[in-house]
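A.B. asks: One structure, as structure tokens, below. Some questions next.
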Amino acid sequence: MGWIVLLVLLGLAVIFVSSYNRLVTARNAFKNAFAQIDVQLTRRYDLIPNLVEIAKGYIKHERETLEAVIQARNAAYAGLKAAASDPGNAAAVQKLAGADQLLGGALGRLMAVAEAYPDLKANQTMMQLSEELTSTENKVAFARQAYNDAVMTYNNIREVFPSSVAANMLGFQPAQPLDIAKPEAREAPKVSFT
């Protein structure tokens, strides 16, 4: 009789340890996926000041637009660093999504203003930066999708039995997908100077 109890306890311990290991693996996967977003968004945020510098020479009367882009970029960059330090922090991920949405709107306004300046549209550096920004936007979209997939996998593991028991006992919190609130903001900003 004692052996049966021991085997049952051993079986439960194996299930518990297995659940814990799956949770840790899934958590590390979504954190790694967020690191890819971090890389691409940092690249995006690094391109924006160069874009603004080129535009400054041509759009002297649009100072408010240029300042709005830089302010939105700085807020998004701060949001990225906060979320990157703890991708499991749902509030930080939501703050990043909101800041990135505002940046997309500011960039869209800059591009709309830039359309009115033919010399700026023809500037080789501006065209190159715009192409890099568009390429980076596509990479951000792929990285965001990979992150959201990893978050879904983690959250599923965390919620199904028997892993849910281990998750609750050990304090594994749900992860927050990186969503953009407005459907029109889900698309990369259209950048074209050709």
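Values quoted throughout were computed directly from the atomic coordinates according to the rules given, and no laboratory measurement underlies them. In this text, all values refer to a predicted model and were calculated from it rather than measured experimentally. Neighbour counts are summed over all protein chains in view; Cβ atoms, including those assigned to glycine, are modelled from backbone coordinates with ideal geometry.
A.B. asks: Towards the positive end of the charge dipole of the chain, with charges on Cβ (+1 Lys, Arg; -1 Asp, Glu), say which of S19, L51, G104 has the farthest Cα.
C.D. replies: It is S19, whose Cα lies furthest towards the positive end.
A.B. asks: Here's a follow-up. Cβ neighbours within 10 Å, averaged per peptide: list 30-38, 124-132 in order, most packed at the top.
C.D. replies: Top of the packing list down: 30-38, 124-132.
A.B. asks: Something else about it: Expressed as a whole number of Å, what is the distance separating the alpha-carbon centroids of the stretch 93-143 and the stretch 155-173?
C.D. replies: First find each Cα centre; the distance between them is then 40 Å.
A.B. asks: Just want to confirm a number: the relative contact order over the chain, from Cα pairs under 8 angstrom separated by 6+ residues, in percent.
C.D. replies: Taking the mean separation of contacting Cα pairs over the length of the chain, I get 34 percent.
A.B. asks: Apply the membrane-span-like helix rule to the chain: whole DSSP H runs, Cα extent along the own long axis of at least 27 Å, mean Kyte-Doolittle hydropathy at least -0.5. List the helices found.
C.D. replies: The answer, listed by residue number, is 2-56, 63-85, 90-114.
A.B. asks: Based on the alpha carbon coordinates of the chain, what radius of gyration and maximum Cα-Cα distance (Dmax) apply, in Å?
C.D. replies: For the chain, the Cα-based Rg and Dmax read 22.5, 88 Å.
A.B. asks: Compute the FRET efficiency between L9 and N156 as 1/(1 + (r/R0)^6), taking r as their Cβ-Cβ distance and R0 = 35 Å, and round to the nearest 0.05.
C.D. replies: Working: r = 28 Å, r/R0 = 0.79.
It comes to 0.80.
A.B. asks: Along the charge dipole of the stretch 13-186, pointing to its positive end and built from +1/-1 on Cβ of Lys, Arg, Asp and Glu, which listed residue (A116, M126, Y154) has its Cα farthest out?
C.D. replies: Positive-end residue among those listed: Y154.
A.B. asks: If we count every other residue with Cβ under 13 angstrom of A26's Cβ, Lys/Arg +1 and Asp/Glu -1, where does the sum land?
C.D. replies: Details: positive: R22, R27, K31, R158; negative: D149, E159.
Summing Lys and Arg as +1 and Asp and Glu as -1 gives +2.
A.B. asks: Using only Cα positions of the stretch 52-144, each an equal point scatterer, no hydration layer, compute I(q)/I(0) via Debye at q = 0.15, 0.20 Å⁻¹ and quote the log10 values to two decimals.
C.D. replies: Debye intensities relative to I(0), on a log10 scale: -0.64, -0.99.
A.B. asks: Rounded to the nearest 20 Debye, what is the dipole magnitude of the chain about its Cα centre when Lys and Arg each give +1 and Asp and Glu each give -1 at the C-beta?
C.D. replies: The dipole of the chain has a size of about 340 debye.
A.B. asks: Round to the nearest 0.05 the FRET efficiency obtained for Q173 and T125 when R0 = 41 Å and r is the Cβ-Cβ distance.
C.D. replies: The pair Q173/T125 has a calculated efficiency of 0.35.
A.B. asks: What is the distance, in nm, between label points placed 7 Å from the Cα along the Cα-to-Cβ direction at Q71 and at N89?
C.D. replies: The two pseudo-label positions are separated by 2.4 nm.
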